[in-house]
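Chemist: Shown below is the structure under consideration.
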């Protein structure tokens, strides 16, 4: 056996069935090692193919396969549509009943104070308002503007209040 | 002249049969679903995601059946749609995190049990299973494009030109991916020999 063993690229050529020159073909004929390696690859891939195909066939058989039926208009089946409609209706009716209940409670709440607004309460409120007015309108001297307190004058030789404080 | 007429008739018959094949969605699913599911599952390595991609693939094929011109086989056309869907799925980085969280792995023990006992002895069966697992593990180490191209070539028996048409990649890119995939898988099989 004079020719060297096949390298990776030459193996790839052989497996792809392209560019196999006569030297490679001759080597494959006379070298059992390279032949065995090539055969190992082919058989391994064949085993993988058969194993994976059986696996996917089994999986296809067990999983739901019906994608589009001729009668239906799309993915979603009739029962799904009916369920969606039922859910929408139930949500709609519950919202409607809730709104009605809210309206009823608000009318009760607004009408109740009206009944309590009696004449006595109005008179009491008026009295309170008058008392407040009296307190506001009472004339009292402002403590800082009393006559006996000297008002500081700012000018030359007179220190500002802030300067006095800082000292 | 007679031969020419005969060939065109054959082509026309094949085309009409393809178009009529597309009208029958249930038959289409029955014939192509296992192969498509295998291809997509081992490309994206997530069986649940693969299921939804395959469903989407059939839906798209059915909806756009009128645009099928018949210039390739139905199989190539379907695999082209599946390839586009895989590419779109991989491009969408928006939900990448959630995809990783939700991703389900392929159950290898379940798969190994699928290899039927056509072998002469239990030892041979065990050896076959081991080799199949080795190829699967080698595939896991490849990039998505290398995996896709390897599967199309060696599982679906497509030519490099058909793969190029199906994936939208240049022929030389297809060949490069194929070589790299072959070298990587060959090395893995050689190491574990």
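Chemist: Across region A:11-30, what is the number of residues that are assigned to a helix (DSSP H, G or I) and within 14 Å of chain B (Cβ to nearest Cβ)?
Modeler: 6
Chemist: Let me ask you something else. Anything in region B:69-80 that is over 11 Å from the mean Cα position of the chain (by Cα) and farther than 14 Å from residue B:25 by Cα? List them, or say none.
Modeler: Across region B:69-80, the qualifying residues are B:69, B:70, B:71, B:72, B:73, B:77.
Chemist: In addition: Identify the residue in region B:58-76 that is under 19 Å from residue B:155 (Cα atoms) and not in a loop (DSSP other than H, G, I, E, B) and, among all such residues, is nearest to the other protein chains (Cβ to nearest Cβ).
Modeler: B:75
Chemist: Then there is this: Being modelled with pLDDT under 85 and crowded, with 17+ Cβ neighbours inside 10 Å: is that true of residue B:37 here?
Modeler: It is false that residue B:37 is modelled with pLDDT under 85 and crowded, with 17+ Cβ neighbours inside 10 Å.
Chemist: Name the residue, out of A:62, A:97, that is surrounded by fewer than 11 Cβ atoms within 10 Å (Cβ to Cβ), farther than 30 Å from residue B:182 by Cα, within 14 Å of chain B (Cβ to nearest Cβ) and modelled with pLDDT under 85.
Modeler: A:62
Chemist: Across region B:21-33, which residue is surrounded by the fewest Cβ atoms within 10 Å (Cβ to Cβ) among those that are at the interface with chain A (Cβ under 9 Å from one of its Cβ atoms) and modelled with pLDDT of 85 or more?
Modeler: If we take residues in region B:21-33 being at the interface with chain A (Cβ under 9 Å from one of its Cβ atoms) and modelled with pLDDT of 85 or more, then B:30 is surrounded by the fewest Cβ atoms within 10 Å (Cβ to Cβ).
Chemist: Still on this structure, please answer the following. Looking at region A:31-47, can you tell me whether even one residue there is outside any helix (DSSP H, G or I), over 49 Å from the mean Cα position of the chain (by Cα), more than 15 Å from residue B:127 (Cα to Cα) and more than 7 Å from every other protein chain (Cβ to nearest Cβ)?
Modeler: yes
Chemist: Specify the residue that is modelled with the lowest pLDDT; the eligible residues are those in region B:113-133 that are surrounded by 15 or more Cβ atoms within 10 Å (Cβ to Cβ) and either assigned to a loop (DSSP other than H, G, I, E, B) or within 7 Å of another protein chain (Cβ to nearest Cβ) (or both).
Modeler: Restricting to residues being surrounded by 15 or more Cβ atoms within 10 Å (Cβ to Cβ) and either assigned to a loop (DSSP other than H, G, I, E, B) or within 7 Å of another protein chain (Cβ to nearest Cβ) (or both), the top hit is B:119.
Chemist: Are any residues in region B:144-162 under 14 Å from residue B:184 (Cα atoms) and free of Cβ contacts under 8 Å to residues at least 24 places away in the same chain, and if so, which ones?
Modeler: The answer is none; no residue qualifies.
Chemist: Take region B:34-47 and flag every residue that is more than 10 Å from chain A (Cβ to nearest Cβ) and in a helix (DSSP H, G or I).
Modeler: If the condition is that a residue be more than 10 Å from chain A (Cβ to nearest Cβ) and in a helix (DSSP H, G or I), then B:43, B:44 are the ones that fit.
Chemist: Condition first: modelled with pLDDT under 75, within 14 Å of another protein chain (Cβ to nearest Cβ) and surrounded by fewer than 10 Cβ atoms within 10 Å (Cβ to Cβ). Now tell me which residues in region B:86-112 satisfy that.
Modeler: Within region B:86-112, just B:105 meets the criteria.
The values are calculated or read from the model by the stated rules, or taken from the named source; none is laboratory data. All of these numbers come straight from a predicted model, not from anything done at the bench. As a convention, Cβ positions derive from the backbone with ideal geometry for all residues, glycine included, and neighbour counts pool all protein chains shown.
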